[in-house]
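These notes are about the structure you will find just below.
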Amino acid sequence: MSAWKILLTDGLEENGKEILRGMAEVVDQPGISADELLTVVGEYDALIVRGRTKVTAAVFDAGKNLKVVGRAGVGVDNIDLAAARAHGVTVVNSPLATTVAVAELTLSLMLSVVREIPRADASMKSGKWLKKEFEGHELFGKTLGVMGFGRIGAAVAERAKAFGMKILAFDPLVSAEDIVKRGGVPVSKEELFAKADMVTMHMPLTADSRNLLNADAFNKMKDGVYIVCAARGGVIDEDALLEALNSGKVSGAALDVFATEPPGQTSLVAHPRVVDTPHVGAQTVEAQARAANDIAEEVLNALGGKTLRWKVA
């Protein structure tokens with residue numbers, strides 16, 4: 001067996017662990033604290049995380065033997081990529097594993113917010129029959145504005161078209177030709193805001209995307225627009241969204257992600273026209289098994305100097 005040592009800090013499905021154990025010594029320490037991580041990371045050749053563990057510059061400083069960091073999932077905003085490059089550490093992720101899960105959750109959120117399913121369910125469980133209060137909207141015939149038209153955005157569009165929705169897409173990193181191939185109509189950000197009945201976010205959190213949906217953006221949207229986000233917390237200015245909900249500019253919002261997680265019982269979370277879920281976009285049995293398989297193989301490829309499919313840094 002190789003002398004490689006791999007540390008898991010946020011857990012991993014058993015199928016991924018089995019792949020790793022075939023080639024390396026694997027230590028599983030789910031929930032390890034930031035301070036504890038700094039004291040032990042120097043012993044390891046590889047570190048595999050999810051979204052909880054923050055792989056900071058200090059971690060790279062302490063990881064004297066660290067060769068690769070793997071993210072079991074898509075987003076790598078919890079990993080200091082600049083520090084990784086400075087230390088010569090490879091960063092890989094598993095971007096294909098959760099596409100279906102996140103796309104399906106997005107459609108679930110869309111339906112939940114336009115039909116007020118959580119409130120209807122809560123009323124039934126409290127012994128009430130409030131049928132006349134729940135006159136919602138259909139997705140059919142509505143225009144969906146997709147902000148970010150990569151794998152997940154395109155997967156959402158494909159499913160939304162099955163509901164009879166029209167798809168507008170904005171993505172500065174995807175060509176107009178590719179947007180059309182993926183089933184969307186390429187538009188500017190301003191045109192999307194002006195025409196969409198519902199806006200769904202599928203962008204990573206970057207300096208350019210932070211608070212992309214802000215007060216100015218909401219002012220440019222249709223009255224009564226719906227907002228959905230299962231991407232990353234921080235792409236929506238939550239104070240501006242709350243104000244837009246209270247003014248009626250936004251009819252409802254469905255959010256799986258928040259700027260601070262967990263967000264606590266904020267006014268936005270508690271708002272009667274907001275559907276909330278606790279960042280569960282990737283939380284399906286199937287997606288977690290795929291992520292474990294993909295990240296285990298990719299980390300071992302990185303350690304073995306093999307060709308990488310999903311190198312981030």
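The values are calculated or read from the model by the stated rules, or taken from the named source; none is laboratory data. What you see is a predicted model; the values in this text were computed from it and never measured. Cβ sites come from the backbone with ideal geometry, for glycine too, and all protein chains shown count toward neighbours.
Which one is surrounded by the fewest Cβ atoms within 10 Å (Cβ to Cβ) among residues in the stretch 72-92 that are touching a helix residue (DSSP H, G or I) at 6+ places or on another chain (Cβ under 7 Å) and not hydrophobic (A, V, I, L, M, F, W, C)? Explain how you work it out, then say what you get.
Residues of the stretch 72-92 touching a helix residue (DSSP H, G or I) at 6+ places or on another chain (Cβ under 7 Å): 72-73, 80, 83-84, 87, 89-92.
Next cut, not hydrophobic (A, V, I, L, M, F, W, C) only: 73, 80, 87, 90.
Details: 73: 24, 80: 22, 87: 16, 90: 21.
Here the residue is 87.
Exactly one of these conditions fails for residue 285: (1) in contact (Cβ under 8 Å) with a residue 24 or more places away in the chain; (2) of a type in the set (Val, Ile, Thr); (3) surrounded by fewer than 18 Cβ atoms within 10 Å (Cβ to Cβ). Give me its number.
Exception for residue 285: condition (1).
For the stretch 265-278, how many residues are part of a loop (DSSP other than H, G, I, E, B), in contact with a Phe, Trp or Tyr (Cβ under 9 Å, 6 or more places away or on another chain) and closer than 16 Å to residue 227 by Cα?
Count: 2.
Against the condition within 22 Å of residue 114 (Cα to Cα) and surrounded by 21 or more Cβ atoms within 10 Å (Cβ to Cβ), how does residue 238 come out, does it pass?
Working: within 22 Å of residue 114 (Cα to Cα): yes; surrounded by 21 or more Cβ atoms within 10 Å (Cβ to Cβ): yes.
It is true that residue 238 is within 22 Å of residue 114 (Cα to Cα) and surrounded by 21 or more Cβ atoms within 10 Å (Cβ to Cβ).
Cβ contacts < 6 Å: first residue assigned by TED's automatic domain parsing to the domain that holds residue 12 and over 17 Å from residue 282 (Cα atoms), restricted to the stretch 64-93; second residue of a type in the set (Asp, Glu) and not in a loop (DSSP other than H, G, I, E, B), any location; separation 6+ or different chain. Result?
Close Cβ pairs satisfying both conditions: 92/298.
Filtering the stretch 245-268 down to residues that are of a type in the set (A, V, I, L, M) and closer than 18 Å to residue 108 by Cα, which residue is farthest from the chain's Cα centre (by Cα)?
To start, the set of residues in the stretch 245-268 that are of a type in the set (A, V, I, L, M) comprises 245, 250, 253-255, 257, 259, 268.
So of that shortlist, the ones also closer than 18 Å to residue 108 by Cα come out as 253-255, 257.
Working: 253: 16, 254: 14, 255: 11, 257: 7 Å.
By that ranking, first place goes to 253.
Somewhere in the stretch 201-211, is a residue touching a Leu at 6+ places or on another chain (Cβ under 9 Å), surrounded by fewer than 19 Cβ atoms within 10 Å (Cβ to Cβ) and free of Cβ contacts under 8 Å to residues at least 40 places away in the same chain? Break it down stepwise before answering.
Going residue by residue through the stretch 201-211, those that are touching a Leu at 6+ places or on another chain (Cβ under 9 Å) are 201, 203.
Checking which are surrounded by fewer than 19 Cβ atoms within 10 Å (Cβ to Cβ) leaves us with none.
Scanning the stretch 201-211 turns up no residue that is touching a Leu at 6+ places or on another chain (Cβ under 9 Å), surrounded by fewer than 19 Cβ atoms within 10 Å (Cβ to Cβ) and free of Cβ contacts under 8 Å to residues at least 40 places away in the same chain.
Would you call residue 102 part of a helix (DSSP H, G or I), within 18 Å of residue 151 (Cβ to Cβ) and touching a residue at least 60 places away in the same chain (Cβ under 8 Å)? First the steps, then the outcome.
On the way: part of a helix (DSSP H, G or I): yes; within 18 Å of residue 151 (Cβ to Cβ): yes; touching a residue at least 60 places away in the same chain (Cβ under 8 Å): yes.
Yes; evaluated as a whole, the condition is true for this residue.
Restricting to the stretch 106-125, count the residues that are more than 23 Å from residue 152 (Cβ to Cβ) and small (Gly, Ala, Ser).
Number of matching residues: 3.
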